[in-house]
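Asks: The structure that follows is given in the form of structure tokens.
The values are calculated or read from the model by the stated rules, or taken from the named source; none is laboratory data. All values reported here derive from a predicted model rather than from experimental measurement. All Cβ positions, glycine included, derive from the backbone under ideal geometry; neighbour counts span all protein chains shown.
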Amino acid sequence: MIALYPGSFDPATIGHLDVIKRASLISDKLLVAVLHNANKATAFTLDERVEMLKRLTHKLKNVEVISFSGLLADLFVKCKANAIIRGVRTISDYERELVYASANRSINEKIESLFIPADPAYLHISSTIVKEAAYFGGDVSKMVSPEIIGDVKKKFAVKDQRED
Ligand code: PNS
């Protein structure tokens, strides 16, 4: 099975990495696909997000990191994927993912989506929370892997004290 795990990964969290590891165990090949969306501002460039993910996954032999723009459904066909993987933490995640899965399936009925329930230890972790915490100088060492913590700290390094 070729599984496709798409996302913004801005940046990848330990929750993402957990989903990658678990998905790699149930697939022959896992393609982690980083979205390049010109309309959406990201903290990390596409190259930075891809490079960090490569660093995080280089030991996982059946995992490959790629980037994409445009429709996920088109990438699915191009990669000859069998399933899309998405991690689900909360009910609101589930509601959003159900809509994405249905939209993708209405574009191409062969697209199957598989949801991996987040490890309870990671329910509160998201890229948004990581960025917000890091912006205000909070400790994100329990939210991102040691391999990329320096990148996150550097991105949000502050010269002035932020008070507002
Ligand atoms: O990590 P994210 O930001 O929650 O990932 C969202 C992602 C990349 C899965 C979604 O935005 C996506 O698939 N974008 C590509 C455009 C697309 O195909 N949209 C869904 C059908 S209209």
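Asks: Within the range 1-36, track down each residue that is in contact with a Pro (Cβ under 9 Å, 6 or more places away or on another chain), surrounded by 20 or more Cβ atoms within 10 Å (Cβ to Cβ) and without any contact (Cβ under 8 Å) to a residue 40 or more places away in the chain.
Replies: Scanning the range 1-36 gives VAL32, VAL34.
Asks: Further question: Step by step: first the residues of the range 74-85, then only those that are touching a strand residue (DSSP E or B) at 6+ places or on another chain (Cβ under 9 Å) and aliphatic (A, V, I, L, M), then the one that is surrounded by the fewest Cβ atoms within 10 Å (Cβ to Cβ). Which residue is that?
Replies: It comes out as ALA83.
Asks: Taking the options LYS153, LYS78, LYS59, name whichever one is charged (D, E, K, R), more than 20 Å from PHE9 (Cα to Cα) and without any contact (Cβ under 8 Å) to a residue 60 or more places away in the chain. Let's see the steps before the verdict.
Replies: Details: LYS153 fails: more than 20 Å from PHE9 (Cα to Cα); LYS59 fails: more than 20 Å from PHE9 (Cα to Cα).
Checking each option against the conditions leaves just LYS78.
Asks: Within the range 25-34, how many residues are among the small types (Gly, Ala, Ser) and away from the ligand (no atom under 13 Å from the Cβ)?
Replies: We begin by selecting, within the range 25-34, every residue among the small types (Gly, Ala, Ser); these are 27, 33.
Going one step further and asking which of them are away from the ligand (no atom under 13 Å from the Cβ), we end up with 27.
Looking only at that region, the number is 1.
Asks: Picking from ALA121, ALA43, ALA33, ALA134, which residue would you name as being modelled with pLDDT of 95 or more and farther than 17 Å from PRO11 by Cα? Steps first, please.
Replies: On the way: ALA43 fails: farther than 17 Å from PRO11 by Cα; ALA33 fails: farther than 17 Å from PRO11 by Cα; ALA134 fails: farther than 17 Å from PRO11 by Cα.
It is ALA121.
Asks: Still on this structure: Could you count how many residues in the range 35-51 are within 14 Å of the ligand (Cβ to nearest atom) and either closer than 22 Å to ARG105 by Cα or in a helix (DSSP H, G or I) (or both)?
Replies: Going residue by residue through the range 35-51, those that are within 14 Å of the ligand (Cβ to nearest atom) are 35-44, 46, 49-50.
Right, trim to either closer than 22 Å to ARG105 by Cα or in a helix (DSSP H, G or I) (or both) and you get 35-37, 46, 49-50.
Residues flagged as within 14 Å of the ligand (Cβ to nearest atom) and either closer than 22 Å to ARG105 by Cα or in a helix (DSSP H, G or I) (or both) within the range 35-51 amount to 6.
Asks: For HIS58, work out the one condition from (1) exposed (fewer than 14 other Cβ atoms within 10 Å of the Cβ); (2) within 16 Å of the ligand (Cβ to nearest atom); (3) not hydrophobic (A, V, I, L, M, F, W, C) it doesn't fulfil.
Replies: Just one mismatch for HIS58, condition (2).
Asks: Scan ILE91, ILE125, ILE129, ILE116 and give me the residue that is of a type in the set (Val, Ile, Thr), under 23 Å from ARG22 (Cα atoms) and loosely packed, with under 13 Cβ neighbours inside 10 Å.
Replies: On the way: ILE125 fails: loosely packed, with under 13 Cβ neighbours inside 10 Å; ILE129 fails: loosely packed, with under 13 Cβ neighbours inside 10 Å; ILE116 fails: loosely packed, with under 13 Cβ neighbours inside 10 Å.
Only one candidate passes the filter, namely ILE91.
Asks: On to the next question. So, of the residues in the range 61-106 that are over 21 Å from LYS40 (Cα atoms), out of contact with any helix residue (DSSP H, G or I) (no Cβ under 8 Å at 6 or more places or on another chain) and among the basic types (Lys, Arg), which turns out to be nearest to the ligand (Cβ to nearest atom)?
Replies: That would be ARG105.
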